[in-house]
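Right, one structure below, let's go through it.
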Amino acid sequence: MDSRFSSSERTVYLKEMSAVKLDLLIIGGGITGAGIAWDASCRGMVTGLVEMNDFASGTSSRSTKLIHGGLRYLKQGEIRLVREVGSERALLHKSAPHLVDPIPMLLPIYKKGTYGYWASSFGLLLYDWLAGVKRSERRKMYGLEDTKNLEPLFKQEGLKGAGYYYEYQTDDARLTIEVLKSARDNGALMTNYTKATKFIYRGGRVVGVKVKDLISGEVYSIYAKKVVNAAGPWVDEIRIKDNSLKGKRLLLTKGVHLVVDNKKLPVKQAAYFDVPGGRMIFVIPRGMKTYIGTTDTVYEGDIGSPGISEADRKYLLNAVNYTFPEVQLRLTDIEAAWSGLRPLLREEGKNSSEISRKNEIFVSDSGLITIAGGKLTGFRKMAEKVVSLVSKQLQDEDGTIFPPCTTDRIPISGGLLDNGSYHDLKKAMVKQGRTLGVNIDDTFDLMSRYGSNTSEIFRYIQRSDRDEMMKDRLLHAEIQYSIHYEMTLTAVDFLLRRTGWLLFDRQKAEVIMGNTMMMMSELLDWDDSEIDKQWSMLQEQLKSTWDLSGDIREENSMVRRPKKKNQDEPSQTRFYA
């Protein structure tokens, strides 16, 4: 079986899903749906998944991009949750080392702050014990002078010291894609840009879903023994389609993050600090940028487009400028931003920051299974809980027995180490890259996104035209891999969610935008009308991620729509600046 997760196979996957009765159909292609598809397919279930936009286009690409150890949950007294996320964090680091990296985090302690020095010391010690933190990453406490040396930019007034601990940084969108690829490796059938439009019932029970391919307009009927609603912020909308929106409901809260050049906010390591008003904010270095987040406000607008207000921007900038007074960030320093929604379970009498991040499963009278709430860190355990429920129901109903969960022992796509360490893998990839003329920095850059799958990109480079510049060969190889192995259909898919360049490497994104469009147009056979459509989508994305007033910045005016290659020109790929 060809396990490639190819854009060219979308229609094939949809036809296959509609031609058989699935054991399980999942609605939603974020990290929760991806985890369920991975778990179910590993157990041998005939599994399908549909996502109405691109994979990870909702909450799963708009988080703080941390695999949390659960420190904030300790403050809320959620001991069991701290244990669980600590264990899950260690598992993810082992199964996807290219995407889950430990980073040091400073917790500055101020007079009259949220945490006192000794309370912080005890809290971090308890956190280390509950979360099972390994010895090399256990907390350290620093006095005033050491804290100043570790981070000279901290506000000095009232500073008493700091706690030093570890969080794990990730690329949430790429983690979702890699988990989906793992599900595909086990036979799962999954498509993006496929909307669930209505349920199919028999005797009052859900037996399938009508879906519309938003690319072709075709409608398919997909039948399944069990249907899971894992639509994140949209789960209540799916419940409405099932006439089962009763009892507990979602409370959506908005989290905004801003990106600045690290020369504007040159912190030495990540920090988690108090701000006036009682919340806590992260500043996190990532490559040559530093990002800031997050807000936490109740949201009731368009779920697909949670905007960023001037108040959001000023709140975060003021928070940073208060704690790092020498920095004095301005609105014009913001290079990119994103806004996402947290699908929390509504709890009366609590504000958004106090609401538990625990997940919960609802089963409607029709049999629709809904998973709501939860966090990125706990996606694997959430999936295990859902798939175990599905397994039990199938056994009770028709006697089919599926094995227990095994995802705690299986590497995620890109994390295959062949019995060696990740360090060994990196050395092997550097050696392979050198034989192709790829320098060490470019190899490490590719590995930060693709891990062991970098070898597939090297195969595309090996087959490319050696007369072209290496930067063009690298880009073309990455685009080819993304289309054939990650179901990439649009320029936004590639530049935003597959690579993150629109957020964290704006200059590169500007330079390669025209080339990217032309390469994709040839690989996906776009005509001029489709190029116009793709270019418009890209411009809209630029407005939402780069210029927060709604107009593309003047310095981006050099970015122009690429021209379709002359049909009389030779058929090899051509590059446009």
Odd one out for residue 57, checked against (1) buried (at least 22 other Cβ atoms within 10 Å of the Cβ); (2) in a helix (DSSP H, G or I): (2)
Of all residues making up region 315-327, the number that are surrounded by 14 or more Cβ atoms within 10 Å (Cβ to Cβ) and in contact with a Lys or Arg (Cβ under 6 Å, 6 or more places away or on another chain): 1
Leading residue by the ranking (nearest to residue 215 (Cα to Cα)) among those in region 1-35 that are surrounded by fewer than 15 Cβ atoms within 10 Å (Cβ to Cβ), among the aliphatic types (A, V, I, L, M) and in the same structural domain as residue 386 (by the TED database): 12
Any hit, region 475-482, residues being open to solvent by less than 20 Å² (accessible area, probe 1.4 Å), closer than 17 Å to residue 174 by Cβ and among the aromatic types (Phe, Trp, Tyr): yes
The lone exception for residue 346 - which of (1) within 21 Å of the chain's Cα centre (by Cα); (2) of a type outside the set (Val, Ile, Thr); (3) at pLDDT below 95 it fails: (1)
Region 121-148: number of residues that are open to solvent by 30 Å² or more (accessible area, probe 1.4 Å), in contact with a strand residue (DSSP E or B) (Cβ under 7 Å, 6 or more places away or on another chain) and under 15 Å from residue 166 (Cβ atoms): 4
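Conditions tested, residue by residue: (1) more than 18 Å from the chain's Cα centre (by Cα); (2) under 24 Å from residue 176 (Cβ atoms); (3) modelled with pLDDT of 95 or more.
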{"site": "450", "(1), (2), (3)": "no, yes, yes"}
{"site": "467", "(1), (2), (3)": "yes, no, no"}
{"site": "470", "(1), (2), (3)": "yes, no, no"}
{"site": "476", "(1), (2), (3)": "yes, no, yes"}
{"site": "479", "(1), (2), (3)": "yes, yes, yes"}
{"site": "486", "(1), (2), (3)": "no, yes, yes"}
{"site": "495", "(1), (2), (3)": "no, yes, yes"}
Residue match in region 108-120 (condition: in a helix (DSSP H, G or I), more than 30 Å from residue 497 (Cβ to Cβ) and open to solvent by less than 30 Å² (accessible area, probe 1.4 Å)): yes
Whichever residue in region 187-238 is among the small types (Gly, Ala, Ser) and closer than 23 Å to residue 252 by Cα and, among such residues, is nearest to the chain's Cα centre (by Cα): 232
Conditions (1) open to solvent by 20 Å² or more (accessible area, probe 1.4 Å); (2) closer than 26 Å to residue 302 by Cβ: number failed by residue 239: (1)
Region 267-286, subset farther than 19 Å from residue 166 by Cβ and in contact (Cβ under 8 Å) with a residue 12 or more places away in the chain, residue least open to solvent (accessible area, probe 1.4 Å): 275
Test: residue in region 168-185 that is in a strand (DSSP E or B) and under 30 Å from residue 129 (Cα atoms): yes
Failed item, numbered, when residue 105 is tested on (1) over 20 Å from residue 86 (Cα atoms); (2) assigned to a strand (DSSP E or B); (3) aliphatic (A, V, I, L, M): (1)
Answer residue from region 245-266, given it is at pLDDT 95 or above and part of a loop (DSSP other than H, G, I, E, B) and is most open to solvent (accessible area, probe 1.4 Å) among those: 263
Qualifying positions in region 19-38 - assigned to a helix (DSSP H, G or I), farther than 20 Å from residue 367 by Cα and either without any contact (Cβ under 8 Å) to a residue 40 or more places away in the chain or not aromatic (Phe, Trp, Tyr) (or both): 19, 31, 34, 35
Selection within region 501-516 - open to solvent by less than 10 Å² (accessible area, probe 1.4 Å) and at pLDDT 95 or above: 502, 516
Criterion violated by residue 166 - all others in (1) open to solvent by 10 Å² or more (accessible area, probe 1.4 Å); (2) modelled with pLDDT of 95 or more satisfied: (2)
Number of positions in region 60-91 that are buried (at least 19 other Cβ atoms within 10 Å of the Cβ), of a type outside the set (D, E, K, R) and at positive phi: 1
Test: residue in region 329-343 that is among the basic types (Lys, Arg), part of a strand (DSSP E or B) and not assigned by the TED database to the domain that holds residue 504: yes
Some residue of region 517-533 being buried (at least 22 other Cβ atoms within 10 Å of the Cβ), among the polar types (S, T, N, Q) and at pLDDT 95 or above: no
Scan of region 196-217 for residues that are in contact with a strand residue (DSSP E or B) (Cβ under 9 Å, 6 or more places away or on another chain) and either within 16 Å of residue 51 (Cβ to Cβ) or not assigned by the TED database to the domain that holds residue 54 (or both), ordered by number: 196, 197, 209, 210, 211, 212, 213, 214, 215
Among (1) more than 29 Å from residue 508 (Cα to Cα); (2) modelled with pLDDT of 95 or more; (3) under 24 Å from the mean Cα position of the chain (by Cα) - the single one residue 297 does not satisfy: (2)
Breaking point among (1) surrounded by fewer than 23 Cβ atoms within 10 Å (Cβ to Cβ); (2) within 23 Å of the chain's Cα centre (by Cα), for residue 184: (1)
Residues of region 372-398 classified as open to solvent by 10 Å² or more (accessible area, probe 1.4 Å) and touching a strand residue (DSSP E or B) at 6+ places or on another chain (Cβ under 6 Å), total: 2
Unique residue being free of Cβ contacts under 8 Å to residues at least 40 places away in the same chain and either buried (at least 21 other Cβ atoms within 10 Å of the Cβ) or charged (D, E, K, R) (or both) when the list is 296, 333, 312, 302: 302
The one condition in (1) within 30 Å of residue 198 (Cβ to Cβ); (2) open to solvent by 70 Å² or more (accessible area, probe 1.4 Å) that residue 404 fails to fulfil: (1)
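The values are calculated or read from the model by the stated rules, or taken from the named source; none is laboratory data. This one's a predicted model, so the numbers in the text were calculated from it and none came from an experiment. FYI the Cβ positions are ideal-geometry reconstructions off the backbone, even for glycines, and counts take in every protein chain you see. What goes into the accessible areas is simple: the full protein's heavy atoms, side chains included, and nothing from ligands, DNA or RNA. Shrake-Rupley method; radii C 1.70, N 1.55, O 1.52, S 1.80 Å.
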